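Participant: Submitted below is the structure of interest, expressed as structure tokens.
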Amino acid sequence: MCKYIVNGGNKIEGRLNIRGAKNSILPIMAATILNENKSIIHNVPNISDVYIMIKILESIGCRVDYEDDTLIIDSSNINSGEIDEVYVRQMRSSIIIMGAMIGRLDYTKISYPGGCAIGSRPIDLHLKALKELGIKIEEENGYIKCFKDNLKGAIINLEFPSVGATENAILAAAKANGRTIIYNAAREPEIEDLAKFLNSMGAKISGAGTSCIEIEGVKRLNEVEYDVIPDRIAIGTYMIASAITGGTLEVDKVVHDHMEPICDKLRLAGCYIKYTKEGLILKAPEKIKAIDLVKTHPHPGFPTDMQAQLMTLMTLSDGVSVFYETIFENRFMHCAELIRMGANIKHITENICMVKGVEKLHSASVKSPDLRGGASLVLASLVAEGKTEISDIYHIERGYENFENILRNLGADIVKLKDK
Ligand code: EPZ
């Protein structure tokens, strides 16, 4: 187990160029099962979740090469329909492989993904969508077995615009007989990226990025070469690192409209943000302004994956901010750790809390509770007085490539040590 040691007080500033989005590359890697061919994917982030997905693909017979930022996946010979439980336990989002597997094979078996730190993470909407596509599903002893005899297009109404359920439905419907329409689909940019990837293989998907997605099933999908979109959440995290330490950050490559829900809040906090041709520049505020209400929403609302990081910024604001987490039931675990660093946070209910800005944060030994909560603690340590120790950083390394080196190159005094 490793930990970060951070001496706070340095400005985080300079140029940032980071690789593709974790929440894009994972469903895209699952989609490579569908073309029974070679897929070349560029701009792949070097994060632990990618390695878990590589192991899953290799466990069913895919050949995978990963060099620099390029993945080459050959799915010509799939020799198993069963996904070992160990992988799903390590990464619950591997459930999105189910839709691709049943889109390709007549049978697949995968273990129920348990919950995780931030919530119970049910998959009822995933299973309902697959059933509507004609897939027979048996659930027993913690496993899900899918049987396909006639995968047919369907009308799918999602009660909630679930990202994962939308992805599983798209993956299963890409090669179904006939047309599928998904109503109340998730609109996240990563859904658009998945659809673009599949269309590059020859799929016929329209409406991705809107709440109504149409998929015309096709018989075959071909080999593909593709670039993954930039990671809007990782970029937003580094933007807050500069905003909270008084720095100026230039990000080389962003998709402007993917960043808007995050930039909107950072402007309210007093940041100056200008889009450049391909990227953006952020200048930190003299004094961080309190944002009255931060409520998380499905895209294009404010993303739940940025809630913890923005809360860290608000701990040093000039007023009071109310945070309302509407997506996950347990996504405030970073609060207790931030309080240990001197933040003034009060829980109103289990998903509403009030943050009153303080003059400064101080160092402490803190534990990373989950991926984004851990990132929020590193952000706090960059501005806290003294030496902060952040343990359980394996959570953070799931979604942030080269985190400590990128921060160090931007001015942070941060080292990664083996925990005793
Ligand atoms: C994806 O998770 C992301 N993960 C999450 O990012 C992100 O927070 C989330 O979407 C929301 O944007 C990946 O893409 C790998 P959901 P997912 O299905 O698909 C409920 C990060 O930090 N729900 O949209 O699991 C569920 O309980 C991670 O990078 C059901 O009730 O999210 C939750 O409350 C964390 N039934 C809400 O919907 C279902 O069948 C949102 O879940 C499915 C979901």
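The values are calculated or read from the model by the stated rules, or taken from the named source; none is laboratory data. Source: prediction; values computed, not measured. Using ideal geometry, Cβ is built from the backbone for each residue, glycine included, and neighbour counts are taken over all protein chains shown. For accessibility, only protein heavy atoms count, side chains too; no ligands or nucleic acids. Shrake-Rupley method; radii C 1.70, N 1.55, O 1.52, S 1.80 Å.
Participant: In square angstrom, what is the accessible area per residue of the stretch 124-163 with a 1.4 angstrom probe?
Facilitator: So the stretch 124-163 comes to 51 Å² accessible per residue, rounded to a whole number.
Participant: Then there's this: Among the aspartates and glutamates, which have Cα under 18 Å from the Cα of residue 289 when same-chain residues fewer than 8 positions away are ignored?
Facilitator: 264, 318, 359
Participant: Okay, moving on. Explain nothing, just the number: relative contact order of the chain, from Cα pairs under 8 Å at least 6 residues apart, as a whole percent.
Facilitator: 21
Participant: Over 27 Å between Cα atoms, which of 22/148; 11/420; 38/136; 265/346 qualify?
Facilitator: On the way: 22/148 30 Å; 11/420 30 Å; 38/136 29 Å; 265/346 21 Å.
Among 22/148; 11/420; 38/136; 265/346, the Cα-Cα distance tops 27 Å for 22/148; 11/420; 38/136.
Participant: Quick check for you: with a 1.4 Å probe and neighbouring chains kept, what is the accessible area per residue of the stretch 168-216, in Å²?
Facilitator: With the other protein chains kept in place, the stretch 168-216 gives 31 Å² per residue.
Participant: For the pair residue 66 and residue 297, how long in nm is the line joining their label points, each one 7 Å along Cα→Cβ?
Facilitator: According to this spin-label approximation, the distance is 3.6 nm.
Participant: Then there is this: Can you give the net charge of the other residues whose Cβ lies under 11 Å from the Cβ of residue 266, counting K and R as +1 and D and E as -1?
Facilitator: Overall, the nearby charge balance is +2.
Participant: Sticking with this one: Between residue 330 and residue 278, what's the calculated FRET efficiency when r is the beta-carbon distance and R0 is 35 Å? Round to 0.05.
Facilitator: Once rounded, the FRET efficiency stands at 0.40.
Participant: A further question on this structure: Which order do peptides 227-235, 287-295, 400-408 fall in by mean Cβ count within 10 Å, highest first?
Facilitator: Top of the packing list down: 227-235, 400-408, 287-295.
Participant: Okay, moving on. Could you tell me what fraction of 2.2 N^0.38 Å the Cα radius of gyration of the stretch 236-393 comes to, as a two-decimal ratio?
Facilitator: Normalised by 2.2 N^0.38 Å, the Cα Rg of the stretch 236-393 equals 0.96.
Participant: If you take every DSSP beta bridge whose two residues both sit in the chain, what share of them, in percent to the nearest 5, is antiparallel? Don't skip to the answer; put the middle values down first.
Facilitator: Numbers: 58 of 80 bridges.
Of all bridge pairs located within the chain, approximately 70 percent are antiparallel.
Participant: Rank these by accessible area, largest first, 1.4 Å probe: 238, 394.
Facilitator: Numbers: 238 5, 394 110 Å².
So, going from the largest accessible area down, we get 394, 238.
Participant: With the other protein chains left in place, how much accessible area per residue, in square angstrom, belongs to the stretch 276-392 at a 1.4 angstrom probe?
Facilitator: That works out to 39 Å² per residue.
Participant: Distance from a point 7 Å along Cα→Cβ of residue 359 to each backbone N in the stretch 278-309: keep the residues under 18 Å and list them by number.
Facilitator: Taking a point 7 Å out along Cα→Cβ of residue 359, the residues of the stretch 278-309 whose backbone N falls under 18 Å are 287-288.
Participant: Summing Lys, Arg as +1 and Asp, Glu as -1, what charge do residues with Cβ under 10 Å from the Cβ of residue 403 carry, residue 403 excluded? Walk me through the numbers on the way to the answer.
Facilitator: Working: positive: 408, 416; negative: 397, 401, 404.
For residues surrounding residue 403, the net value is -1.
Participant: If you don't mind, there's one more thing I want to ask. Non-local amide H neighbours of residue 294 (under 5 Å, H modeled in plane, Pro and chain starts lacking H): which ones?
Facilitator: The list, which skips near neighbours in sequence, is 322, 323, 324.
Participant: So what is the relative contact order for the stretch 297-367, in percent, with contacts set as C-alpha pairs under 8 Å and at least six apart?
Facilitator: The value is 35 percent.
Participant: Given all pairs of different Cα atoms, what value in angstroms does the Kirkwood hydrodynamic radius of the chain take?
Facilitator: For the chain, the Kirkwood estimate is 21.9 Å.
Participant: Within the stretch 377-420, what whole-number % of the accessible surface is contributed by carbon and sulfur, with the 1.4 Å probe and all protein chains included in the calculation?
Facilitator: That share works out to 47 percent.
Participant: Excluding residues on the same chain fewer than 8 positions from residue 277, give the lysines whose Cα lies under 20 Å from its Cα.
Facilitator: Partners found: 253.
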